[in-house]
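Some notes on the structure that comes next.
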Amino acid sequence: MATEERVKILGVCGSARKASTHWAVNLALETARSYPYVDTEYVCLGDYKLTPCTGCMQCFGWMHPADAQGPYCYEAKDDSGELLTKMMNSDGVILGSPIYTLGLTSLTRILQEKAHMFGPMSFTKFSGRMRNKPLGMITVGGVDTAGQESGGHDMWIWAQGIGMYTSGTWPTIDDPNPLAATLGGFVSTCDGRAIYGKSSLSKEACRTVPPTQGARNERAIRNVGRHVAADAMMLKLGRKAFADGGYDGPTVFPFTRYSVKPKKNSWVQHLIDTGKVEFVDKGKN
Ligand SMILES: Cc1cc2nc3c(=O)[nH]c(=O)nc-3n(C[C@H](O)[C@H](O)[C@H](O)COP(=O)(O)O)c2cc1C
């Protein structure tokens, strides 16, 4: 059955520089676009101002304006709102991060913290907006098994926390074994001729003969693009069929009793005014 539906995949590179992770995320996006129903957008976090979360907890709800047009960080005037809006408007995300000291980069982590806005304990209009969308994961290390897997697990648990599903890199007929990672494209530049170079993940820049590491990298990354694209469409069509079919499902709602005095004109105050939330004074419950 032909469909007019399209999906938008957002590629995010969690590196401050445009080198291997930039290359990898763009290869995944390019492969995603091999399906005619896919549009893509790319962002490199190094091009944005991102300041660390200060733990002000305003995104937990009481400050969130009832008429907010989009998500943003209430404490810092950084670019996280722009990035979160791009995430929210996408049907799937490919997140790539270099591995620094066996973990994700601080840039990647800041975005993840700011995306708390989409989580279940964020009492805002934007909570839940990433639910039932796929995340494709790419972690890039300089050497083999030096943090790619645990970085991938960090991405996975974060994705779960905001209701996303993770797409793996199952081998495909176009890019079969040897790469059959279920979680994501966990790749390394260690066989690159210049391991910190800009295209060291690629088959062409691989110094092993015949090229093996580069081919594995490319296969894993391309399969991330394919699976996220197809999963994004399946989930989008599924969400639409569910809504059109009138099926009932759970209404996600973090608190029905709230004890922090909400700001006037806030989302929580609106919910109190409309009877969905009861305000309970601290100390009286
Ligand atoms: C501060 C720092 C720490 C690093 N730690 C690791 C590490 O623990 N494991 C690893 O495999 N590579 C490590 N690397 C190497 C990078 O993961 C590798 O150069 C990768 O290609 C960087 O991604 P980029 O090219 O997109 O910037 C580290 C690099 C930097 C700058």
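Values quoted throughout were computed directly from the atomic coordinates according to the rules given, and no laboratory measurement underlies them. Bear in mind that the values here come from a model prediction, so they are computed numbers and not experimental data. So basically every Cβ, Gly included, is an ideal-geometry build from the backbone, and we count neighbours across all protein chains shown.
Per-residue answers, yes or no, for (1) of a type in the set (F, W, Y); (2) farther than 30 Å from P65 by Cα; (3) in contact with a strand residue (DSSP E or B) (Cβ under 7 Å, 6 or more places away or on another chain):
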{"residue": "F126", "(1), (2), (3)": "yes, no, no"}
{"residue": "Y165", "(1), (2), (3)": "yes, no, yes"}
{"residue": "G184", "(1), (2), (3)": "no, yes, yes"}
{"residue": "D191", "(1), (2), (3)": "no, yes, yes"}
{"residue": "V209", "(1), (2), (3)": "no, yes, no"}
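For residues in region 1-59 being of a type in the set (K, R) and closer than 16 Å to M233 by Cβ, which is farthest from the ligand (Cβ to nearest atom)?
Quick first cut of region 1-59, residues of a type in the set (K, R) only: 6, 8, 17-18, 33, 49.
Checking the rest, the ones that are also closer than 16 Å to M233 by Cβ come to 6, 8, 33.
Details: R6: 29, K8: 24, R33: 21 Å.
It comes out as R6.
When residues of region 200-234 are filtered for being assigned to a loop (DSSP other than H, G, I, E, B), of a type in the set (A, V, I, L, M) and buried (at least 24 other Cβ atoms within 10 Å of the Cβ), how many remain?
Keep residues of region 200-234 that are assigned to a loop (DSSP other than H, G, I, E, B), which gives 200-205, 207-212.
Those still in the list that are of a type in the set (A, V, I, L, M) too: 201, 205, 209.
Filter once more, keeping what is buried (at least 24 other Cβ atoms within 10 Å of the Cβ): 201.
Result for region 200-234: 1.
Looking at the structure I just gave you, is T51 among the hydroxyl-bearing types (S, T, Y), in a loop (DSSP other than H, G, I, E, B), touching a residue at least 12 places away in the same chain (Cβ under 8 Å) and surrounded by fewer than 24 Cβ atoms within 10 Å (Cβ to Cβ)? I'd like the intermediate steps shown before the answer.
Values: among the hydroxyl-bearing types (S, T, Y): yes; in a loop (DSSP other than H, G, I, E, B): yes; touching a residue at least 12 places away in the same chain (Cβ under 8 Å): yes; surrounded by fewer than 24 Cβ atoms within 10 Å (Cβ to Cβ): yes.
For T51, the condition - among the hydroxyl-bearing types (S, T, Y), in a loop (DSSP other than H, G, I, E, B), touching a residue at least 12 places away in the same chain (Cβ under 8 Å) and surrounded by fewer than 24 Cβ atoms within 10 Å (Cβ to Cβ) - is met.
Just give me the residues in region 166-195 being of a type outside the set (V, I, T), under 22 Å from T105 (Cα atoms) and out of contact with any Ser or Thr (no Cβ under 7 Å at 6 or more places or on another chain), in sequence order.
Once the filter is applied, which keeps residues that are of a type outside the set (V, I, T), under 22 Å from T105 (Cα atoms) and out of contact with any Ser or Thr (no Cβ under 7 Å at 6 or more places or on another chain), region 166-195 yields S167, S188, C190.
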